[in-house]
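I have placed the structure first, in the form of structure tokens, so that the comments after it can refer back to it.
The values are calculated or read from the model by the stated rules, or taken from the named source; none is laboratory data. Predicted model, so just to flag it, every value in this text is computed and none were measured. When we count neighbours, we look across all protein chains shown, and the Cβ atoms used for this are built from the backbone with ideal geometry, even at glycine. Side chains included, ligands, DNA and RNA excluded: accessible areas come from the protein's heavy atoms. Shrake-Rupley method; radii C 1.70, N 1.55, O 1.52, S 1.80 Å.
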Amino acid sequence: MSASLFIPSAEAAFIADLSDRQMHRVVDERLLPDSVFQQRGSTRLFTRLGAGFASFYFATEDLLMARTRRQVLDELSARIEHLPMKDALLTLMQLDAISWKVERNFVEVDVLPFLEQALQRVKQVEQADALVVTDPEILGGTPVFAGTRVPSEVVLGSLAADIGLDRLQDSYPFLTEAHIESAQVFALVHPRRGRPRRLADLSPALEPRIMRVVRHAAGA
């Protein structure tokens, strides 16, 4: 499997909307199929599909037994193992290629809503990486807004100090709400030591809701 299919744990945690501790549990307790994560020394990597699976696993812990959740994910992993579009599924780029429904004990479990939510957060990461960049030739590699020398952390710090966007735009006219959201996401996906990794820590208004979908099969 190509290394490019795997992403760092901080990015996977954001896509899954989980904490670092939960993502570490995924590896330590082998909660997901081996095909969606890797351990390389002390480095832990995940596929985007693995992040979506992790979201499902933890979001449904009050609804499904651990054994059932793992069986659902194992069946879905086996379903895609030999498909020609496997890489597109692992990166969440072709969700409509297969059915993400699995029946267990007369209950139909649909994992697709969790993967769709993960894909929306993937798009947030992609936007963040487009609007916030690092270049060793610009401020020694400090994250800055694309096309500028304005550090994203300076703007986030100003917001934390209750300086409003309108005042910031007086100094930085290019700033939009998209820039602010991207700066927040970038800080989570590419954390520096001592910085929070949960989106709610930076902006509670951006905290999404987790969908829980478990449908009873017909005739149950």
At what distance in angstrom do the alpha carbon centres of the stretch 39-80 and the stretch 119-184 lie from each other?
32 Å
Amide N proximity, the stretch 52-76 versus E29 label position 7 Å along Cα-to-Cβ, cut-off under 19 Å
52-75
Charge context of L83, other residues only, Cβ under 15 angstrom, K/R +1, D/E -1:
-2
Given H placed on each backbone N at 1.01 Å, which residues far from A146 in sequence or on other chains put an amide H within less than 5 Å of it?
V132, V133
How would you classify the stretch 53-92 from its alpha-carbon gyration tensor, with a ≥ b ≥ c the square roots of the eigenvalues: rounded for a/c under 1.5, else prolate if a/b is greater than b/c, otherwise oblate?
oblate
Under 13 Å from the Cβ of I98, count the other residues' Cβ atoms, weight Lys and Arg +1, Asp and Glu -1, and hand me the total.
-1
Taking K and R as +1 and D and E as -1, what net charge do the other residues with C-beta under 12 Å from the C-beta of A128 add up to?
-2
With volume of the Cα convex hull per residue in Å³ as the read-out, I listed [x] 146; [y] 115; [z] 157; which label goes with the value calculated from this structure?
[x]
Could you provide, to the nearest whole Å², the per residue accessible area of the chain with probe 1.4 Å?
52 Å²
Label E81 and S99 with points 7 Å out from Cα along Cα→Cβ: what is the distance between them in nm?
2.0 nm
